């Protein structure tokens, strides 16, 4: 059960309501960790802005989804995992790739960029840094700008997952691909 009470729109103060309405109008997410963020409207808006900036470019949607799945799996973040499975399927990522990440195994990723995104995010999460080889390989495949976006995406979505987990924001009961427990 979610540890934090989910505010109804009618319970929000003026600033909370303003940022919430802006997010709803732009079809931005307002659930998951945003249930907590809304209590700090500037944080809610900043999180929305960073998410939107990283979503637009330079990584493809599939690349972002692979990273987000890996990050949600790493942090055992159930609501983000649910949301990212849904987004990944919509982006054309196969159930077998999702299942491999859920099982903490390396998925078959024939696309060099997608494989590089998986490798970089995996190493960052496991080692809190990149080896010289991984960095050089990633810079060669992605280029500097895209590598920066990849590292930022890994960190930003880690924050999302930590907030959702700390407040035990639960996915819907009918979650089709639940996060495996160990």
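State whether the residues of the range 33-48 include one that is closer than 22 Å to residue 150 by Cβ, surrounded by fewer than 16 Cβ atoms within 10 Å (Cβ to Cβ) and touching a residue at least 60 places away in the same chain (Cβ under 8 Å). No. Every condition in (1) more than 15 Å from residue 70 (Cα to Cα); (2) within 17 Å of the chain's Cα centre (by Cα); (3) loosely packed, with under 13 Cβ neighbours inside 10 Å is met by residue 126 except one, and the failing one is (1). Within the range 59-76, which residues are over 18 Å from residue 109 (Cα atoms) and either in a helix (DSSP H, G or I) or in the same structural domain as residue 26 (by TED's automatic domain parsing) (or both)? The answer is 72, 74.
Inspect the range 111-118 for any residue being in a loop (DSSP other than H, G, I, E, B), over 18 Å from residue 157 (Cβ atoms) and either in the same structural domain as residue 65 (by TED's automatic domain parsing) or modelled with pLDDT of 95 or more (or both) and give the result as yes or no.
Yes, that holds for at least one residue.
All told, residue 176 meets the bar of being over 17 Å from the mean Cα position of the chain (by Cα) and over 19 Å from residue 111 (Cα atoms).
For the range 28-47, the tally of residues that are assigned to a loop (DSSP other than H, G, I, E, B), farther than 13 Å from residue 159 by Cα and in contact with a helix residue (DSSP H, G or I) (Cβ under 8 Å, 6 or more places away or on another chain) stands at 6.
The set of residues in the range 77-89 being touching a helix residue (DSSP H, G or I) at 6+ places or on another chain (Cβ under 9 Å) and either in a helix (DSSP H, G or I) or not assigned by TED's automatic domain parsing to the domain that holds residue 110 (or both) consists of 78, 79, 80, 81, 82, 83, 84, 85, 87, 88, 89. Of all residues in the range 136-154, those being within 19 Å of residue 29 (Cα to Cα) and free of Cβ contacts under 8 Å to residues at least 24 places away in the same chain number 0.
The values are calculated or read from the model by the stated rules, or taken from the named source; none is laboratory data. Being a predicted model, the structure only gives us computed values, none of them experimental. Because the Cβ atoms are built from the backbone with ideal geometry, glycine has one as well, and the counts that use them run over all protein chains shown.
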